[in-house]
1. If ARG290 satisfies every condition in (1) modelled with pLDDT under 95; (2) at negative phi but one, which is the exception?
2. Please pick out the residue among ALA121, ALA162, ALA170 that is surrounded by 22 or more Cβ atoms within 10 Å (Cβ to Cβ) and either over 16 Å from SER235 (Cα atoms) or assigned by TED's automatic domain parsing to the domain that holds VAL236 (or both).
3. Take the residues in region 50-100 that are of a type in the set (Gly, Ala, Ser) and in a loop (DSSP other than H, G, I, E, B), then tell me which one is surrounded by the most Cβ atoms within 10 Å (Cβ to Cβ).
4. Just the residues that are touching a residue at least 40 places away in the same chain (Cβ under 8 Å) and on the phi > 0 side of the Ramachandran plot, please, taken from region 219-267.
5. Which one of the conditions (1) in a loop (DSSP other than H, G, I, E, B); (2) over 30 Å from ASP31 (Cα atoms) does ARG267 fail to meet, given that it meets all the rest?
6. What is the one condition in (1) closer than 21 Å to GLY244 by Cβ; (2) surrounded by fewer than 23 Cβ atoms within 10 Å (Cβ to Cβ); (3) not hydrophobic (A, V, I, L, M, F, W, C) that SER138 does not satisfy?
7. Scanning region 288-320 for residues that are touching an Asp or Glu at 6+ places or on another chain (Cβ under 8 Å) and not in a helix (DSSP H, G or I), which turns out farthest from ASN54 (Cα to Cα)?
8. Tell me, yes or no, whether region 240-250 has at least one residue that is assigned to a strand (DSSP E or B), more than 30 Å from LYS99 (Cα to Cα), under 19 Å from the mean Cα position of the chain (by Cα) and not acidic (Asp, Glu).
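The values are calculated or read from the model by the stated rules, or taken from the named source; none is laboratory data. A quick note: this is a predicted structure, and the numbers were derived from the prediction, not measured. As a convention, Cβ positions derive from the backbone with ideal geometry for all residues, glycine included, and neighbour counts pool all protein chains shown.
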Amino acid sequence: MSNAEAEHVSCLIIGSGPAGYTAAIYAARADMKPVLYEGLQPGGQLTITTDVENYPGFPDGVMGPEMMDLFKKQAERLGTDIRYGMVTEVDFSKGAPHKVVVDGNKEIIAETVIIATGASAKWLGLPSEQRLNGSGVSACAVCDGFFYRGQDVAIVGAGDTACEEASYLAKICSKVYMIVRKDHFRASKAMQQRVLQTPNIEVLFNSETDEVLGDKMVEAVRVKNSVTGEMRELSVKGFFVAIGHTPNTGIFRNFLDMDEQGYIMTRPGSTYTNVEGVFCCGDAQDKTYRQAVTAAGSGCMAALDAERWHGARMAGLPVH
């Protein structure tokens, strides 16, 4: 397909969720006529989250899917063309405008591209874990730990994030069982010491999760000791998985600078990538905070950066 036959757009947003929808809201208000492709999971990770109580403006809390539906409706009302589809290929090698392929056959030429593809939590792969996801199973202690204050919980992981989340849970929960697969942590010494010195954290080394137990809600977790073979049931109400996230950035690998984990690197204090006219926001570039409110904030930044860059380019001014 030639460039003449391809669809030309001013602003293409790849991915939805708080970052993508917020970028769309700001881009639409700037008359950039944004086109947004929702991707494989329209609305992002919040669509598998139940109660959200830490997003400003919802004093009584809100269900994750409902909040994402509100974001989407606002973006549409302001003029965003929201489409269901998956970006399968990009070519950022020739400079702006950039070529993007959707669903393997539709070609788009975009003056600016905003990447909001997010990151996916890594899971253990247990059927019970997925069945009870959002009903006691979570991949974000900071997001959901509040619901288990005063109760017993378990967390799986051995790195800095797992130790940090275990420490956070210990402040609000009665007891935290930390399930570690090997006989040692992967976390820094400082984080290890923080966990080991916290009285209500019990670390279970050489342990693997055999099953998450419960009918409609988490009631317990069955843990197997890999050395002795002993099975133990832990009575818990919350089960947190903290074994990492995978940024959904694979299709950009040949063009954009990334860290060793695949997170897209942006210029400090901005959403600029190393390619002119391509911006990145949300969890695709943020491995530190990973909150809905920070993703939305960076979506705003991406739209403002894209608008200013595009305006300068159209006026023949230096772009940076």
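1. (2)
2. ALA162
3. Pass one, region 50-100, residues of a type in the set (Gly, Ala, Ser): 57, 61, 64, 75, 79, 85, 93, 95-96.
Now restrict to residues that are in a loop (DSSP other than H, G, I, E, B): 57, 61, 79, 85, 93, 95-96.
On the way: GLY57: 8, GLY61: 14, GLY79: 15, GLY85: 14, SER93: 10, GLY95: 9, ALA96: 18.
Filtering first and then ranking leaves ALA96.
4. GLY244
5. (2)
6. Evaluating SER138 over (1) closer than 21 Å to GLY244 by Cβ; (2) surrounded by fewer than 23 Cβ atoms within 10 Å (Cβ to Cβ); (3) not hydrophobic (A, V, I, L, M, F, W, C) leaves (2) as the failure.
7. Checking each candidate, the answer is VAL319.
8. yes
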